[in-house]
Each structure stands twice: as structure tokens, then as C-alpha cells.
Amino acid sequence: MSVAAAPKQSVGVAFYVFAIFLLAAMDASAKWLTKGYPIGEIAFFRAVFAFAPLIVAQARERKSLELRSKVWPLHLLRGALVMGTVVTFFFSVKELPLATVTAISLANPFFMVLCSALLLKEAVSTLRWVLILLGFVGVLVAIGGVSLTASLFTAVAVLSALLYALAAVLTKHLARTESAVLIAAYTNVSMLVLSLFSLSPSWTLPGWHDFLLFALMGLAGGLSNYVFTLAFRFAEVSTVAPIEYTILVWAALFGFFLFSEIPTTLTIVGALIIVVSGIANARLRR
């Protein structure tokens, strides 16, 4: 790396660290809100407030947003997949420790490689398959850190990781022709519409304190997407990819200080296995 390139890499790393923190803050806010609000209402407000960063990002483009798309059914499908990811994550984190669900969610990259190989026909080396299997072992170890009565919620957490991977693969396909803001806009609209199907008397108008938490959750989720984009403008993917796993640290800290949760030994061991295999996977040349 040249001397001139070093500062840019540092800026990219700083942006990526901030983006991961925002994701962890969104997850912690959502877990707090699941105590008193139905998951459909939480997903609704997440989508509502996530529009604010999109509006800012579009304003920076200094051009109007063209909402028409020839592949709009794929946009709607992605919106449904993201909605499924959010709902299953919120459902599992309502009953499981935040660090445990976060560790399970780090199976995302392994599901993404699997889906890319099966759906996009991308070549996957034998070594990469070995690392993927190692990552799954880590997930199984982390799951072993919860009680058998929580087996349903662990299964839902794994399903959330799979849905995320499917959405990511579809995003990669859409990004060939569609702008990032357009993809995000369709996704938010889809989430808004789908969440309204859960509208019921159990939905309650939040007070100012909880309203601020809803705003924090939605803004953190929407802003993280924009900050991720900024990070990749300055740093290479291989440089920032390992930072993805710092979300475990934030999840453990939020879990401890907000919910008095202490990660089990199995959760910590499983998370370490996932981190090692994930970093090795990111460093491999295709």
C-alpha cells in the first residue's frame, strides 16, 4: 500500500467500524422494544424512519429518483426477503441473548457463498467449502450455549441468516442495473406494506421515550447502509471484511449493560470459530 493510500484506508476502516456499531445499536433497540410492542409494529417503524437517510443520500446525488424499473418483481421479492429477515431476527432476539443471536447471524457469509454457488453458479474452491463447514460448526457450538426450550428461537435465528443471504444474493443481481438508493427505496416500501398486514389492536401508540427508540432503531438501520457505501469508497473489501465480526463485541456490551446478559462459554467459543473461519474466507482469493 502506498503512503497516499494509507490515510484513505484508515478513513474506510473508521466508516466501517461506525456502520457496524449502528447495526448493533439497531439490534439492541429492537430487542428493547420487543418487550412492549408487536414485531410487526417494530418492523413498520423501522421502515418509516429508514427513509430519512435515503432522502439525504438521494439529495447528495443531485438528481431525481426514477422509481420505474423493468425488474420491479425482483425488487418486491427482495423487500419480502428483507422483511422476513427482520421479523425472524426480532422474533428470536426477543427470547434469546443478543450476543447469541448475533453470533448465529454471522452465518450470513456462509449461506451467501452457498446461495451464490447454487443460484448464481459461482465457482467455490474446496478450501472455501471447508471454511464454510467450519463456520457452520461454530454456529452449532454457539447454539449449544442455549437451553433446549429455546430450540425454536435458535431455528428462527438460523432462518433469519438464510433469508439475509438470499436477499444479499438478489441484491448482487439487482445492483448490476439498479441504483443502491432505488433498491433500498423499493425494500422500504415493501416492508411498510407487508408490516401493515400485521396491524391489529395489539399495536399501541408509543410514548415519547419509546418513539425516540423507534426513531433510533430506524435511523441507525438506514444510516448504516449509507455509511457502508462510504466505507467502500475508501477501503477495499478485503481490508474491512474482518471488521464485520466486531458486532459481536458491541452485541455483548449492549446485552450486558442493557439486559444484564452474560454470554455462555459455548457462545464465546462458537463465535470465535465463526470469526476465524469468516476472516479466512474473506482473505481467500477467488
Run the simple label-point estimate for GLN9 and LEU196 please: 7 Å along Cα→C-beta, distance reported in nm.
4.9
Longest exposed-loop-site-free stretch of the chain, with GluC sites (Glu not before Pro), DSSP loop and at most 14 other Cβ within 10 Å?
123-235
Under 18 Å from LYS70, Cα to Cα: aspartates and glutamates that are on another chain or at least 8 residues apart
GLU178
ILE279 paired with VAL137, simple spin-label distance in nm, labels 7 Å along Cα-to-beta-carbon:
1.8
Listing LYS121, LYS31 by rising number of other beta-carbon atoms within 10 angstrom, fewest first, gives LYS121, LYS31
Rounded to the nearest 500, the 222 nm mean residue ellipticity computed for the chain from DSSP H runs (n ≥ 4, each -39500 (n - 2.57)) alone is -26000 deg cm²/dmol
Whole-Hz couplings from phi, Karplus 6.51/-1.76/1.60, listed for segment 67-73; x for Gly and Pro:
8, 6, 8, 6, 10, 4, x
If I model a spin label at LEU118 and HIS209 as a point 7 Å from the Cα along the Cα→Cβ vector, what separation in nanometres do I get?
4.5
Tell me, ILE143, ILE42, ILE262 in order of fewest to most beta-carbon neighbours within 10 Å?
ILE262, ILE143, ILE42
Can you give me the relative contact order of the chain as a percent, contacts being Cα pairs under 8 Å and 6 or more apart?
44
If N is the number of residues in the chain, what value comes out of its Cα radius of gyration divided by 2.2 N^0.38 Å?
0.99
For PHE257 and ILE55 in one chain, what is 0.36 nm times their gap in residues minus the Cα-Cα distance, to one decimal in nm?
69.4 nm
Tell me, what ³J(HN,Hα) does each residue in segment 103-118 have, in order and in whole Hz, if you take phi through Karplus 6.51 cos²θ - 1.76 cosθ + 1.60 with θ = phi - 60° and put x for Gly and Pro?
4, 5, 5, 6, 6, 3, x, 6, 5, 5, 5, 4, 5, 5, 5, 7
Once you have the alpha carbon radius of gyration of segment 13-71, what is it after dividing by 2.2 N^0.38 Å, with N set to its residue count?
1.48
Show me, for segment 40-54, the HN-Hα J-couplings you get by feeding each phi into the Karplus relation (A = 6.51, B = -1.76, C = 1.60, θ = phi - 60°), rounded to Hz, glycine and proline as x.
x, 5, 5, 5, 4, 5, 4, 5, 4, 6, 5, 5, 4, x, 5
Summed over the other residues with a beta carbon less than 14 angstrom from that of LEU216, with K and R at +1 and D and E at -1, the charge totals 0
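Coordinate-derived values only; no laboratory data. Quick caveat: nothing in here was measured; it's all calculated off a predicted structure. Neighbour counts are summed over all protein chains in view; Cβ atoms, including those assigned to glycine, are modelled from backbone coordinates with ideal geometry.
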